Amino acid sequence: MTASRAPGKRQLDAERVRRPDLRALLAVLSAASQLQMRGQADLRRMDSPLKIHDFDVLVAIAVHGPLRPSQLTRKASLAPNPTTVSSIVARLEKRGLVKRQPHPEVGGGVFVEATEAGIEMLEHLFPEVERKVVSWFGGHFSEEELTNLAEALERI
């Protein structure tokens, strides 16, 4: 049974969203949203004090840091907004997981780096996170497909 639309009600032409570029965009946005919700639920089940955005920012700092806040905005997957990143860094700093240090060349500028406690937190969480990621992706993609997917998305 197909749903009929109300007379006079405007809708977007479905053919437009079947174009490969728009279809890819919508698929990426949908997948990102689903993975973010799963990640948040899994962190909660692990009794992690971190929210998914906190985890994302802490990982970016631990892997790529020390970083200036503007760099962190580009490195964190889920927190592109500078105001959001700033509030997350403040939360992580309050927990002793990161620290801000003066930038040696930029007056008033800072670097953010992971503390020993931040690295320990990630080391504690990562075995379970990795197990979850394998379960999320393992049933859907081969290793080659995952590599191709990552490489394709990294070009954006």
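The values are calculated or read from the model by the stated rules, or taken from the named source; none is laboratory data. A quick note: this is a predicted structure, and the numbers were derived from the prediction, not measured. Backbone-built Cβ (ideal geometry, glycine too); neighbour counts: all protein chains shown. All accessible areas refer to the heavy atoms of the entire protein, side chains included, with ligands and DNA or RNA removed. Shrake-Rupley method; radii C 1.70, N 1.55, O 1.52, S 1.80 Å.
Per-residue extension of 0.36 nm, minus the Cα-Cα distance of Leu35 and Thr147, leaves a gain of 38.6 nm for this segment. For region 95-156, the share of accessible area belonging to carbon and sulfur comes to 55 percent (1.4 Å probe, ligands and nucleic acids excluded).
Against the criterion of solvent-accessible heavy-atom surface with a 1.4 angstrom probe, Met46, Met37 sort, most first, into Met37, Met46. With only Cα atoms counted, region 58-119 has Rg and Dmax values of 10.6, 29 Å. Each Cα pair of the chain feeds into the Kirkwood radius, which the Stokes-Einstein equation turns, at 20 °C and 1.002 mPa s, into a diffusion coefficient of 118 µm²/s.
Please report, largest first and rounded to whole Å, the three semi-axes of the ellipsoid equivalent to region 88-156, where each semi-axis is the square root of five times an eigenvalue of the C-alpha gyration tensor.
With the √(5λ) rule applied to region 88-156, the semi-axes are 33, 19, 8 Å.
Relative to the longest principal axis of the Cα atoms of the chain, the long axis of helix 82-94 lies at roughly 50 degrees.
Share of carbon and sulfur in the accessible area of region 16-72 stands at 58%, probe radius 1.4 Å. Cross-link partners of Lys132 among aspartates and glutamates, defined as those whose alpha carbon lies under 13 angstrom from its own and excluding same-chain residues fewer than eight positions apart: Asp42. Between Arg68 and Lys94, the FRET efficiency estimated from the beta carbon spacing at R0 = 25 angstrom works out to 0.80. Remark: accessible surface ordering of His140, His103 (largest first) is His140, His103, probe radius 1.4 Å.
Accessible surface area normalised per residue over the chain is 71 Å², counting heavy atoms of protein chains with a 1.4 Å rolling probe. Between 0 and 90 degrees, the angle of helix 52-64 with respect to the longest Cα principal axis of the chain falls at about 60 degrees.
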